[in-house]
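**Student:** Below: one structure in structure tokens.
All of the numbers you see were taken from the coordinates with simple rules; none came from a lab. Because the structure is predicted, anything quoted here is derived from the model rather than measured. Cβ placement follows ideal geometry from the backbone for every residue including glycine, while neighbour counts extend to all protein chains displayed.
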Amino acid sequence: MNASKIRGWFWFAILLLLFIGVSYFSFTPKPKVYPNYVSTSPAPTGTKALFTYLKKEKGVKSWNHSPNLLPNWDKNQMLVMVGPAFTPEKELMQAYADYMNAGNTILLLQTNPKGMFDLEADFIEKDHAESENWTRVKDQNHKSYKAEVNSDVRIRTVKGDELLLSDPYGPIAIKRTYGKGHLIAAITPEWLTNDKLLKKDHLPLSFQLLNQDNPDTLLFDEYTHVGENESSILTVYPMWFLVLIFQGIFLIMLWLWYKGKRFGPLLSPREEWVRFSDEGIQAIAAWYLKGRRYQDSLQIQADYVKVLLQEHWHVPYSKEWQDLTPYIERKWIKIPSHEMKTFLNGLAAILNKEKINKQEYLLWSRKLEELRNEVES
């Protein structure tokens, strides 16, 4: 390897390392965006603080699957649904109802729970002169708490409902019997968030709701936030690693292109006939047929057969078709002499015509094909 090639490779390596270094140090990962009320979210609107605390104190898990898979055979569980991002379909809502009917509890915290579990709500008119959303909340024992209530609705109670929490505008949290279990609905999902859990009396009020029915197990429902979890290459590996992988693939492609590598072995040398594929021949034939250029096509076919006669049977190319009888009859012994003469005279006559129809073209094209097959065999 001469000095110029060594210098070329040296500078190529320097540029490669410089490119990788700049890409690595200039890459700034974007902050991860979390949905609201997710138990793994450290964002102000997440619920990771409460989830982590409960995980240390008692059995608590996150539930990421469809409600059809909820363990109905385990009694006295509580499924916590904090701020569902969407209202599940009828079939899924029935699965949640079956979970409660089996003896479990669902704690639903939604700013406006109307449309879920047959809950109804009424809009209220707040005093907008107030600078804050703090309000006095009373529990079942008429004990007063100070808390933030952002919702513009209050739950409409029905006969049999148990009023858990209320403020001057109406019911904030109620408890409703569902078969052997219960539904607890509240309009204050903000109480459980990282940002507001420790403000005012949110923590004791939240524990009042969570301790209803003294559940043995707590499940935080994540299905209504992101649906079924689907892992992909973009979520499994960190972004900086993916950037390096894609850069490596790009540089390998550049190196292969620089070296002139072929993808696959060269099995046969390129010859002139390689330029004309079967698709090309079919396209040319279709063009002749569509344009009804039967005479031109037959002329080309006859000329090609003449070339084969010269190559295989040493028949002079310059001879006219009607003069080829003595040459061809020595090779094509299956055809009688008089039929051979009739065939060649007819071929010469049809080739001298200015125009021919499709039937004539198909007839003489088939006869030329028979002669070509005989010559090539």
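**Student:** Mind scanning LYS58/LYS200; LYS58/LYS146; LYS58/LYS159; LYS32/LYS175 and naming the pairs with a C-alpha gap bigger than 32 Å?
**Tutor:** Too far apart for the 32 Å limit: LYS58/LYS159; LYS32/LYS175.
**Student:** How long is the gain from ILE245 to ASN76 if the chain were fully straight, where each residue apart is worth 0.36 nm and the alpha carbon distance is subtracted?
**Tutor:** Working it through step by step, the gained length comes to 55.9 nm.
**Student:** Using the Cα atoms of region 276-376, I'd like the radius of gyration and the largest Cα-Cα distance, Dmax, both in angstrom.
**Tutor:** Gyration radius and largest Cα-Cα distance of region 276-376: 14.0, 39 Å.
**Student:** How far is it, in nm, from the label point at GLU354 to the one at LEU17 when both lie 7 Å from their Cα along the line to the Cβ?
**Tutor:** Rounded to a tenth, the inter-label distance reads 8.1 nm.
**Student:** Using unit Cβ charges (K, R positive; D, E negative) and no other charged atoms, how large, in debye to the nearest 20, is the dipole of region 276-376 about its Cα centre?
**Tutor:** That gives a dipole near 300 debye.
**Student:** Assign unit charges at the C-beta atoms only (+1 for Lys and Arg, -1 for Asp and Glu), then state the dipole size of region 110-187 relative to its Cα centre in Debye, rounded to the nearest 20.
**Tutor:** 420 debye
**Student:** List the lysines whose Cα lies under 22 Å from the Cα of LYS334, skipping any in the same chain that are fewer than 8 positions away.
**Tutor:** Leaving aside lysines fewer than 8 places away in the same chain, those within reach of LYS334 are LYS306, LYS367.
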